[in-house]
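Everything on this sheet refers to the single structure shown next.
Read the figures in this text as sums done on the coordinates, not as results from a lab. These figures come from a predicted structure and were not determined experimentally. Positions of Cβ are generated from backbone atoms using ideal geometry, with glycine treated the same way; all protein chains shown enter the neighbour counts.
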Amino acid sequence: MTLSDRRILLIIGGGIAAYKCLDLIRRLRERGAKVRCVMTAAAQQFVTQLAVGALSADHVFTELFDRQDEHDVRHIRLSREADLIVVAPATADLMAKMANGHADDLASTVLMATDKPVLIAPAMNPRMWNHAATMRNRATLEADGIAFVGPGRGEMAESGEAGEGRMAEPLEIVAAVESLLDERPKPLAGRHVVVTSGPTHEPIDPVRYIANRSSGKQGHAIAAALARLGADVTLVSGPVTIADPRGVRTVHVETARQMLAAVEAALPADAAIFVAAVADWRMADAAGEKIKKVAGEGPPALQMVENPDILATIGHAARRPPFVVGFAAETQDLDGNARAKLARKGADLIVANDVSHGSGIGPAGVMGGDRNRVRIVTHDGIEDWPEMTKADVAERLASLIATRLTGI
């Protein structure tokens, strides 16, 4: 969605993660948002007013009282003029002030005076994040209706420690902003949808595995699009390097058998969307130690067995969701293979794409890339969609699923 002319008040807290706000401002403005910034005294130790003002193209507010403008009750004006307030980084101190109603500077006073939605992106040392006081404050803020994005796990810039407490990346925050300001109807409210995404990894030995080139981008985008339409989404994800979609319950798995178990545990559901590229085979017995190369003996024989067919298992299950969607990545006879899969696996719809001749591999291809061209195969026929971004495919497919489930 566009943020055209939406007014975002960004409160920058004091922490090394404040540097990310410079990119956040740019990302919001390139989507059309108008960004106005408030900086705490501590934030000014990490980034300058000059940099923040240059990127926001607006005055940067730092003081509760300004002798040059005494008539301006700025905490009231700033809090009311915004469509949304974002606090990033939200330090332990700022969270404590918000949770306990302290208002002793411009930032905390603005937050006390607002009646607009508030989104916070916590950032602090892992021990501070997991401290009992911070957890109490988090619970209070969530109960008050404050939205959270992050924190994530990773290495802390200031201490070298690793753990939960890393501020969400700018694009994650932008996605959260877009979600909060999305005023579109929620036709899937109250509906539970299960989505699988990414590859599976089937171990050969402790260091090698059988896999495929799936990035998870399409499955994750579909899960996010369904959540934006109000669905309660359970995403079962194989090993990927992309972030979990916001507003989605994500279950991480490695193997096909783990993925099937997670899907079955998530039932019942109103719909199940099987996007994951599940490995067809696995080792009959994975080696407990690394298989060593022995000179002159050649490669070892790998005895393989068939993995469970997750789509067919759920498509024919007693607890089958009312609407089941499968994906088919094919290198030949796209329509014929997709029709056969539709009938054989008990699906209502197959999303088929052509990954032949290597065009489906890598950053410019379907598997790993950001664009896709699909055909929608149902018992009524085939609809050919034009090439578009995976995000656009996800939006269009989510809308189709909402229509099928609700009849509107």
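Tabulated data
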read-out: At most 13 other Cβ within 10 Å, DSSP loop - GluC sites (Glu not before Pro), the stretch 170-226; value: Glu183
read-out: Cα-based Lys proximity count in the chain, under 20 Å, for pairs eight or more positions apart or on separate chains; value: 4
read-out: Contact order relative to length of the stretch 7-181, as percent, for alpha carbon pairs under 8 angstrom and 6 or more apart; value: 23
read-out: Local electrostatic count, Pro308, Cβ distance below 13 Å [Lys/Arg +1, Asp/Glu -1]; value: -2
read-out: Normalised contact order of the stretch 192-406, rounded percent, pairs of Cα under 8 Å and 6 or more residues apart; value: 20
read-out: Proximal charge balance of Ala42 [Cβ under 11 Å; K/R count +1, D/E count -1]; value: -2
read-out: The chain, relative contact order [Cα under 8 Å, separation at least 6], %; value: 11
read-out: Antiparallel %, DSSP beta bridges [both residues in the chain], to 5; value: 30
read-out: Nonlocal amide H pairs with Ile204, under 5 Å, H built at 1.01 Å; value: Tyr209, Ile210
read-out: Size of electric dipole in the chain: Cβ of Lys, Arg +1 and of Asp, Glu -1, about Cα centre, debye, nearest 20; value: 340
read-out: Relative exposure of Met98, Met135, judged by other C-beta atoms within 10 Å (fewest first); value: Met135, Met98
read-out: Principal axis dimensions, the chain - Cα atoms, whole angstrom, descending; value: 79, 59, 38
read-out: Nearest-ten-degree value, helix 132-143 long axis tilted from longest Cα axis of the chain; value: 80
